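**Student:** I'd like to ask some things about the structure below.
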Amino acid sequence: ENESSSQPCAEMKSKQYKEIAEMKKGRSWTENQKKKHKSACKGKRRLTLAQKLEIVRMQESSSPGDKKTQAQIAEMYGKCRSAISKILHPRNIAKIKKSLNIGVDLTIRRCSAVTEFEKRFLESLGEEDRRILMSGMPCNDEKLCVRANLLAKEMGTVGFEANPGWLSRFVKRHLAAMRV
């Protein structure tokens, strides 16, 4: 009997992740390596905000029994260690904790760091702007982005710059639900 077929699922995944990590050390991948990486990543899902908070808690824990290494956490969640490392970057930890403080739903997988700003921007939109954005008709993205940037500056929002991509995602987050 093939030895690998008798390994538990977690061990197989761990082996796959180790093989992928070895492949990533090189600069270019062969087609076979790309296929292997794609199959290992297939079906993976983003972590919820609650899961990210738990990861931060496990890493920051002062209790030796609760504290886990990045590799252990990665295995627990079926992610690669570098994904856990990104979550544990101080900037991302601050973003996750800030989301918690402003009352964001813990079941979501991504969180906009500028929630209060987006609420105010939505309120500032006139009826005509909302109608155009909800209809999907072409609108003056540049004018709306300038207005968003002015509001962000007025509110003291740091590191924000409105652009057509942000506007498109903003419409999906806030106005798409209003469409009839």
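No lab work stands behind these numbers, since they all come straight from the coordinates. Just so we're clear, the structure is a prediction, and the values are computed from it rather than from any experiment. Using ideal geometry, Cβ is built from the backbone for each residue, glycine included, and neighbour counts are taken over all protein chains shown.
**Student:** Determine the gain in length on full extension of the stretch Met155-Ser82; use 0.36 nm per residue of separation and subtract their C-alpha separation, reporting nm with one decimal.
**Tutor:** Working: separation 73, 0.36 × 73 = 26.28 nm, distance 3.43 nm.
My answer for the length gained is 22.9 nm.
**Student:** Related question: Filter Lys119/Lys143; Lys119/Lys153; Lys86/Lys172; Lys68/Lys97; Lys35/Lys68; Lys52/Lys95 down to the pairs with a C-alpha to C-alpha distance above 21 Å, please.
**Tutor:** Numbers: Lys119/Lys143 18 Å; Lys119/Lys153 15 Å; Lys86/Lys172 26 Å; Lys68/Lys97 19 Å; Lys35/Lys68 31 Å; Lys52/Lys95 11 Å.
Going by Cα-Cα distance, Lys86/Lys172; Lys35/Lys68 fall outside the 21 Å limit.
**Student:** If you split all Cα-Cα distances of segment 55-98 into 5 Å bins from zero, what percentages do you get per bin, shortest first?
**Tutor:** Spelled out bin by bin, segment 55-98 gives 5, 25, 31, 23, 15, 1 percent.
**Student:** Taking the Cβ-Cβ separation of Lys36 and Ser62 as r and a Förster radius of 35 Å, what is the calculated FRET efficiency to the nearest 0.05?
**Tutor:** Working: r = 39 Å, r/R0 = 1.12.
Once the sixth-power term is evaluated, E becomes 0.35.
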